[in-house]
Amino acid sequence: MSLPLAALGEFGDAVQFLFQSRESQAGGAEVGGAQIWGLVLDHLRLSAVALLAAIAVAVPAGLVLGHTGRFGFLAINLSNVGRAVPTLALVAFLVAFLGVGFWNVTFALVLLAIPPILTNTYTGVRQVDPEMVDAARGQGMTGAQVLGRVELPLALPLLTDGVRISTVNVIATATLAPLAGASSLGDPIVSFGVYGDTGRLAGSLLVAALAIGADAGIAALRRALTPRGLRLTAST
């Protein structure tokens, strides 16, 4: 280990684990280095598929419910119930009924990601100034045009906040995937007998880095998508 990393103790050893493979504690297999970066790709693939599926379901539903103003109470309460269900219990339930594997874990993560996106999308549309909606309709816009040209742009900041919350939740929760037979950065965290303390710390660092990076990236996207008028109003 280089001197700077050695000075960091266990943390430095975990950083070295990310770039240099070594024999596992169980013997035989090589862990760390390229092997753990392969787990990063598995983790990202699992998280991305779950998030895209959740967005595809929750955003249209939230837009329609917010635009019509119907069944909003039901949508928000169902979302709150979804947030209250322990993720580990949900994964265990789905494994018991659907078995193990990538798609079963993905389904559990989709159910975890939908509530914040649905609630924020619905709330963002409902918070649009009614006078703006009336003005758009007075100019002859159809309901779909009002939704696409007025309500959706003004709801984007809150919508992206929901995506941001779900993204961090999914990335963090995907560490449970190995318990259900799927590969992710949870492998070194769960399989202590193979990776040891160093591998567990290295995996935890990578999960934290992915969550922080995703959060910062979506925050930047939120600022870019927010209409200039709303940015000026917020700054004022």
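The values are calculated or read from the model by the stated rules, or taken from the named source; none is laboratory data. Since the structure is predicted, the reported quantities are computational estimates derived from the model, not experimental observations. When we count neighbours, we look across all protein chains shown, and the Cβ atoms used for this are built from the backbone with ideal geometry, even at glycine.
Summary table
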{"quantity": "Where a residue in segment 188-211 is under 15 Å from D42 (Cα atoms) and its partner, wherever it lies, is at pLDDT below 85, with Cβ under 6 Å and at least six apart", "calculated": "P188/Y195"}
{"quantity": "In segment 157-182, the residues that are under 17 Å from V91 (Cα atoms) and in contact with a Gly (Cβ under 8 Å, 6 or more places away or on another chain)", "calculated": "A174, T175, L176, A177, P178, L179, A180, G181, A182"}
{"quantity": "3 or more residues among the hydrophobic types (A, V, I, L, M, F, W, C) and within 21 Å of the chain's Cα centre (by Cα): qualifying helices (runs of 4 or more DSSP H) within segment 122-174", "calculated": "152-173"}
{"quantity": "Selection from segment 161-172 of residues that are surrounded by 23 or more Cβ atoms within 10 Å (Cβ to Cβ) and polar (S, T, N, Q)", "calculated": "S166, T167"}
{"quantity": "Matching entry among A216, A202, A182, A234 (being at pLDDT 85 or above and surrounded by fewer than 18 Cβ atoms within 10 Å (Cβ to Cβ))", "calculated": "A216"}
